[in-house]
Amino acid sequence: MKRFHWEQDQIAHMKNYIARFGHGSAKLARQAQSKEKTLQKMMASGLTERVVSDKTLSFYFPPCGKIPPPVIMVQNVSFKYTKDGPCIYNNLEFGIDLDTRVALVGPNGAGKSTLLKLLTGELLPTDGMIRKHSHVKIGRYHQHLQEQLDLDLSPLEYMMKCYPEIKEKEEMRKIIGRYGLTGKQQVSPIRNLSDGQKCRVCLAWLAWQNPHMLFLDEPTNHLDIETIDALADAINEFEGGMMLVSHDFRLIQQVAQEIWVCEKQTITKWPGDILAYKEHLKSKLVGEEPQLPRRTHNV
């Protein structure tokens, strides 16, 4: 806060000096011009932000518009990574639309991330077909998205480069600011940011792809609770569909309307919420039968 107040005092002093002496004698005018340049440099380099609660974070996914169902249809899909390798999925059959709000759960290695890659087209089915609406736009957040950032650019420069249709820096500053990147964080090289701040750059970039479907693979890594809550609020206000892979059961409880279990080469819909599924996992660990029965057919 001391730095913030010092900067604000300096800005007020320089603005007052410029206003009083900018049109005075040649000497005073030169001094006023010098202070004006100093002020411009301070503003361009990013100012210290007033310390405020993280609850002012307001992540935002822009309106995506409506497209008629089916948005994505999975028809008799099987998948294995190699011809002789194990089958990850066998004969999947389901559809997802703009009202889909699903969390994918299951053991590590069961194919949760693989499923998202199949749905985006990053991987192709071994058998079967995945049909997508011709106008659907998919935004996928994954654990390696940070590696695609240009570390030599600042968040402001990176977003201006990715979205040249936004001409005004101040408009882009406001956009980035909604994701918790303020002041000098916006104009510092991305390589100097923390992992959590880099995640916020990725989320801002993803949001402005303007997707119809959000595929989020472990989006809460490196994020604090307040930031996760802001992300959950944005997901709940989002007009499109969402599929989530996360070990954060708290986030799942906040945003998921359905729980799909990826296990044993198939996907089954869990008939309860994530808390019931958590209790099911606990009972399995101690060798008890789960209290809530599962459906055993494809979703």
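Descriptive notes on the structure:
- Estimated vicinal HN-Hα couplings, Hz - segment 177-190 in sequence order (Karplus 6.51, -1.76, 1.60; Gly, Pro = x): x, 5, 9, x, 9, 10, x, 5, 4, 6, 10, 7, x, 4
- Net lengthening on full extension, M129/L151 (0.36 nm per residue, minus Cα-Cα): 4.1 nm
- Sequence-distant residues sharing a close amide H with T100 (under 5 Å, placed H): M242
- Pair-distance distribution P(r) for segment 62-217, from all Cα-Cα distances in 10 Å bins starting at 0: 10, 33, 28, 21, 8, 0 percent.
- Those GluC sites (Glu not before Pro) in segment 92-189 that DSSP places in a loop and that have at most 10 other beta carbons within 10 Å: E165, E168
- Cα-Cα P(r), segment 165-224, percent of pairs per 10 Å interval: 20, 52, 26, 2
- Put simply, the amide H of T182, placed in the peptide plane, has no neighbours under 5 Å, leaving out anything fewer than 5 places away on its chain.
- The Kirkwood hydrodynamic radius of segment 242-281, based on inverse pair distances between different Cα atoms, is 10.6 Å.
- Residues whose amide H falls under 5 Å from that of S154, counting only those 5 or more places apart or on a different chain, are I190, with hydrogens built in the peptide plane.
- Between N221 and D233, the contour length at 0.36 nm per residue exceeds the Cα-Cα span by 2.6 nm.
- The simple spin-label model puts a point 7 Å past each Cα toward its Cβ; for D99 and K41 those points are separated by 5.9 nm.
- Spin-label model, C87/L275: points 7 Å from Cα along the beta carbon direction are separated by 3.8 nm.
- Computed label-point distance, nm, for sites K66 and D195 using a 7 Å Cα→Cβ extension: 4.2
A short reminder: the numbers here are calculations on the coordinates, not readings from a lab. Keep in mind that what you see is a predicted model, and the values were worked out from it rather than measured. Neighbour counts run over all protein chains shown; Cβ positions are idealised from the backbone, glycine included.
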